[in-house]
Protein chains: 2
Amino acid sequence: MSKWYINAGPDNDVAISVRIRLARNIAGFPFPIRLDIAQKRRINELVRDAVINDKDMNTDNYRYIEMDQLTTAEAYAMVERHIISPDFAENREGRALLLLNDESVSIMLNEEDHIRLQVMTPGLSLHEAYEMADKIDGILDKKIQCAFDEKLGYLTQCPTNLGTGMRASIMLHLPALEACGAVNQLSTTVSKIGLTLRGTFGEGSQAKGAMYQLSNQVTLGISEQAAIENLKSITEQVMEKERNARQSFLLREVLEDKVWRAYGVLKNARLLSGEEFMDLISAVRLGVCLSILNHIKLETVNELIATAGAANLQTRAGETLEPTVRDRQRAEYIREKL
Amino acid sequence: MSKWYINAGPDNDVAISVRIRLARNIAGFPFPIRLDIAQKRRINELVRDAVINDKDMNTDNYRYIEMDQLTTAEAYAMVERHIISPDFAENREGRALLLLNDESVSIMLNEEDHIRLQVMTPGLSLHEAYEMADKIDGILDKKIQCAFDEKLGYLTQCPTNLGTGMRASIMLHLPALEACGAVNQLSTTVSKIGLTLRGTFGEGSQAKGAMYQLSNQVTLGISEQAAIENLKSITEQVMEKERNARQSFLLREVLEDKVWRAYGVLKNARLLSGEEFMDLISAVRLGVCLSILNHIKLETVNELIATAGAANLQTRAGETLEPTVRDRQRAEYIREKL
């Protein structure tokens with residue numbers, strides 16, 4: 001079962017992927033922060049059994065992972081692939097994960113809420129992702145009674161998630177808008193209409209390699225469908241801006257030069273830090289989308305972005321690697337793949 | 001007749017080329033600074049006739065160039081190829097040049113002295129260069145009475161050239177010594193034994209691409225042969241240091257990475273400034289010498305160093321080029337040659 005992120009999706013030149021996340025809690029239990037380890041394990045088993053025993057789920061394709069069975073590197077490799085949150089990797093005791101083999105569906109148990117269901121799909125595929133999330137939500141709903149209030153909707157630990165409990169976000173690649181300094185303005189504009197534009201790994205994180213997350217901010221007093229439609233429409237406008245900037249005559253030659261140089265370094269360097277890699281692969285991705293680099297597949301770029309992080313390298317190596325060794329192995333891995 | 005700088009020479013991994021320069025003045029004339037244009041032209045013709053009419057000179061291979069017939073770009077293209085001095089290119093009226101077609105011999109007329117004879121040969125070929133310079137000096141001596149003093153030797157405008165009038169220098173490529181910060185110390189050491197280590201284009205110039213000129217400082221009270229032997233022996237010690245540094249375990253991986261990246265950028269960039277080019281080609285040259293880049297010939301690197309300067313690009317293009325256009329044409333030229 002090949003990983004979801006290798007596949008190309010609609011509008012993949014700018015939209016890298018969609019993520020839908022639903023926060024749910026089980027009625028009659030305190031939020032995870034107030035649970036002891038034994039109670040957390042009880043929640044884990046409850047959800048696991050509900051999902052695994054359902055006839056509508058293709059359960060052969062799911063793995064159930066008790067997080068404290070993983071090494072730190074294995075857990076962080078999942079963070080790098082956006083399967084779990086950094087906090088979920090850091091504090092693993094009493095937490096569990098249900099993971100579809102292609103990694104497009106993950107269910108974090110006892111993260112901030114009892115259940116954090118996440119669906120990721122390539123490109124601008126908001127409806128597909130939402131339908132998948134909705135389907136699994138329905139399955140959970142049959143077996144588990146969720147904490148729900150007629151007025152407030154789904155109850156969540158953090159009030160910013162009350163209501164739909166849904167966060168929909170799109171990972172956008174905005175190198176041209178970044179190059180002409182238009183991202184800050186864009187960020188201000190979308191925040192006025194209920195959306196947020198932020199860095200690669202969510203709240204408070206830096207945008208690495210010109211990768212930005214655009215997501216809905218409002219969860220209360222709006223339907224899931226309306227939130228998705230709103231996000232989709234704004235995303236289309238942002239994509240249009242990015243595409244225009246990429247075609248701008250003044251930027252074009254500078255971008256082409258950047259693309260080719262980045263390709264030259266990635267293809268030849270013997271030592272590559274994670275940070276430099278992200279900057280370079282960002283430029284190469286742009287080059288592939290603009291048909292400057294015709295011999296490289298977008299799938300290869302997507303795969304590299306997901307798998308060239310420090311934790312993924314260490315997991316493949318099966319050991320902890322010194323920074324220099326890591327940088328050497330990263331460079332080797334990339335030369336091989338390109 | 002292919003240019004001298006394309007050929008490989010002895011110890012070419014570190015020693016790029018040798019230059020021997022003899023300063024001579026004609027008895028009975030003031031130094032050029034005190035001559036008017038008509039007198040300068042008289043000197044030019046005197047030397048031209050002496051050289052061109054000599055049976056020992058293969059005069060078919062020499063061009064006689066009146067400098068004011070050249071465009072600024074053509075003159076500076078010669079500076080970039082080290083045929084003439086920057087001042088000789090800048091102030092061209094009344095000055096002339098005798099130039100062997102392979103560009104290994106040039107005779108500047110009415111530079112600082114009446115005659116500045118220069119011989120360049122590839123690698124550490126001090127004796128070959130000196131023999132050639134000595135042979136032409138002998139031919140001049142037959143026809144022209146040089147200003148000479150029994151006690152002071154050859155008389156020159158600048159007292160630092162009195163005596164032999166000879167400056168012998170070796171262009172050395174010292175990327176490893178530069179990388180480990182050893183060049184300053186080396187410069188101090190050689191200055192104590194009568195030598196100077198300086199930048200690419202002589203006195204006061206910066207070392208571009210780790211190219212340094214090592215030359216004799218003393219011209220008075222020493223024979224030409226003794227000066228050459230002294231320079232040769234010190235050069236061999238410097239080359240040894242550079243070679244050891246290149247093999248140093250700690251530096252090796254960093255150097256390899258630098259070499260490959262430089263190659264990757266040169267092979268792919270679409271815009272390249274002259275300064276960046278020198279840094280990158282310096283690393284590529286090192287890579288060729290260390291057998292890291294086995295598919296590139298040292299001759300190609302030597303040719304690029306001599307011919308990728310702004311003035312050479314403009315001369316080939318036959319027009320003045322805007323900086324961006326120049327950077328684009330430089331990048332194209334280099335991709336083609338590599």
request  = Determine if region B:15-28 includes at least one residue that is at pLDDT 95 or above, part of a helix (DSSP H, G or I) and aliphatic (A, V, I, L, M).
outcome  = no
query = Applying the selection to region A:101-140, what residues are on the phi < 0 side of the Ramachandran plot, of a type in the set (Asp, Glu) and part of a loop (DSSP other than H, G, I, E, B)?
reply = A:Asp102, A:Glu111, A:Glu112, A:Asp113
message = Just checking: which of the helices (runs of 4 or more DSSP H) contained wholly in region B:37-96 hold 1 or more residues that are over 19 Å from B:Ala311 (Cα atoms) and open to solvent by 30 Å² or more (accessible area, probe 1.4 Å)?
response = B:37-52
task = Report the residue count in region B:251-274 for those that are in contact (Cβ under 8 Å) with a residue 40 or more places away in the chain, assigned to a helix (DSSP H, G or I) and either hydrophobic (A, V, I, L, M, F, W, C) or assigned by TED's automatic domain parsing to the domain that holds B:Ala182 (or both).
result = 4
ask   = Given the conditions (1) under 20 Å from A:Ser17 (Cα atoms); (2) at pLDDT below 90; (3) over 18 Å from the mean Cα position of the chain (by Cα), and given that A:Pro175 satisfies all but one, which numbered condition is not satisfied?
value = (2)
task = Could you list all residues from region B:317-338 that are within 12 Å of another protein chain (Cβ to nearest Cβ) and among the aliphatic types (A, V, I, L, M)?
result = B:Val325, B:Ala331, B:Ile334, B:Leu338
query = Taking helices (runs of 4 or more DSSP H) that fall entirely within region A:275-338, which contain at least 1 residues that are within 19 Å of A:Ala207 (Cβ to Cβ)?
reply = A:298-307, A:310-317
ask   = Just a yes or no: is a residue in region A:284-292 within 14 Å of chain B (Cβ to nearest Cβ) and charged (D, E, K, R)?
value = no
message = If B:Val254 meets every condition in (1) at pLDDT below 90; (2) touching a Phe, Trp or Tyr at 6+ places or on another chain (Cβ under 7 Å) apart from one, which number is that one?
response = (2)
note = Apart from one, (1) touching a residue at least 60 places away in the same chain (Cβ under 8 Å); (2) open to solvent by 20 Å² or more (accessible area, probe 1.4 Å); (3) not in a helix (DSSP H, G or I) all hold for B:Val218; the odd one out is (1)
task = Report yes if some residue within region A:98-118 is closer than 19 Å to A:Asn312 by Cα and either assigned by TED's automatic domain parsing to the domain that holds A:Asn312 or more than 18 Å from the chain's Cα centre (by Cα) (or both); otherwise report no.
result = no
task = Just name the residue that is farthest from the other protein chains (Cβ to nearest Cβ) out of those in region B:244-270 that are aliphatic (A, V, I, L, M) and open to solvent by less than 20 Å² (accessible area, probe 1.4 Å).
result = B:Ala245
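Residue-by-condition table, conditions (1) of a type in the set (Val, Ile, Thr); (2) within 14 Å of another protein chain (Cβ to nearest Cβ); (3) farther than 21 Å from B:Leu172 by Cα; (4) out of contact with any Asp or Glu (no Cβ under 7 Å at 6 or more places or on another chain):
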{"residue": "B:Ile228", "(1), (2), (3), (4)": "yes, no, no, yes"}
{"residue": "B:Ile234", "(1), (2), (3), (4)": "yes, no, no, yes"}
{"residue": "B:Gln237", "(1), (2), (3), (4)": "no, no, no, yes"}
{"residue": "B:Glu242", "(1), (2), (3), (4)": "no, no, no, yes"}
{"residue": "B:Leu272", "(1), (2), (3), (4)": "no, yes, yes, no"}
task = Considering every residue within region A:283-295, establish whether at least one is among the polar types (S, T, N, Q) and crowded, with 17+ Cβ neighbours inside 10 Å.
result = no
query = Taking region A:296-328 as the search range and keeping residues that are open to solvent by 60 Å² or more (accessible area, probe 1.4 Å) and of a type outside the set (Val, Ile, Thr), which one is nearest to A:Ile16 (Cα to Cα)?
reply = A:Glu299
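The values are calculated or read from the model by the stated rules, or taken from the named source; none is laboratory data. Small disclaimer: the values here were computed from a predicted structure and weren't measured. We place every Cβ from the backbone using ideal geometry, glycine too, and count neighbours over all the protein chains shown. Note: accessible area is taken over every heavy atom of the protein model, side chains too, but ligands, DNA and RNA are not part of it. Shrake-Rupley method; radii C 1.70, N 1.55, O 1.52, S 1.80 Å.
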